[in-house]
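Here is the structure we will look at, set down as structure tokens.
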Amino acid sequence: MNIEIRTGRSEDIQEIMGLIARCVQVMQAGGSDQWDEFYPNRDVIGKDLRNGTLFVAEGEGRILGIVVLDETQDEQYQTINWKQAEGPHLMMHRLAVDPKAQGKGIARKLVAFSEEYGIRGGYSSLRLDTYSKNASALKLYQGLGYDLRGEVNFPGRVASFPVFEKVFQ
């Protein structure tokens, strides 16, 4: 499958919100409360698009996945013992693949794109968190050489969020 990754555009918002809604359905059916009807919402995604930080993986004439890359670290990250203290650090947020397109390597392509983006941008590391109930994401990041640095908790979420880092040499 030919996948192109590009910066998201404001006219993509409907399609992206549909993709997120399908992801939420699958997460909740699998017993995960990571995302819901309140997060990530249209305001959050709209801001990502306006800031030029949301990237889409396009293939088969539609958006198959998204990722947000910026320098915004949640305050909870201050408790983490990072391997690379010197910045700047790139953060990965809201990685999602349409359930209809999962298992085709799209998440791996988005992570590889994120790493290349970080290296090109002069970042010293890529940091992210994922939900401890998200077994496929945990397996993905560990399989791609990310170091587990600790875990954080977010208000309203039952389980913790393992935090990962990949240092760029």
**Request:** Could you pull the accessible area for T7 with a 1.4 Å probe, rounded to 10 Å²?
**Result:** 60 Å²
**Request:** Scan around G150 for amide H atoms under 5 Å from its own, H built in the peptide plane at 1.01 Å from N, and keep only partners 5 or more places away or cross-chain.
**Result:** V163
**Message:** Longer than 20 Å from Cα to Cα, which of K104/K139; K83/K166; K47/K133; K47/K139 are they? Say none if no pair is.
**Reply:** K47/K133; K47/K139
**Prompt:** Any idea how far apart N2 and D36 come out in nm if each label point goes 7 Å out from Cα toward Cβ?
**Reply:** 4.3 nm
**Complete:** In the stretch 52-169 the accessible area split gives carbon plus sulfur, as whole percent at 1.4 Å, a share of 46 percent
**Complete:** From most to least accessible, 1.4 Å probe, no ligand or DNA/RNA atoms counted, R120, R22, R127, R42 line up as R120, R42, R22, R127
**Request:** Could you let me know the centre-to-centre spacing of the stretch 102-169 and the stretch 1-80, using Cα atoms, in angstrom?
**Result:** 14 Å
**Asked** To the nearest 0.05, how large is the calculated FRET efficiency for Q25 and T79 if R₀ is 25 Å and r is the Cβ-Cβ distance?
**Response** 0.15
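The values are calculated or read from the model by the stated rules, or taken from the named source; none is laboratory data. The structure presented is a predicted model; accordingly, all values stated were derived computationally and were not measured. Cβ coordinates were reconstructed from backbone atoms using ideal geometry, including for glycine residues, and neighbour counts include every protein chain displayed. Heavy atoms of the whole protein, side chains included, go into the accessibility calculation; ligands, DNA and RNA do not. Shrake-Rupley method; radii C 1.70, N 1.55, O 1.52, S 1.80 Å.
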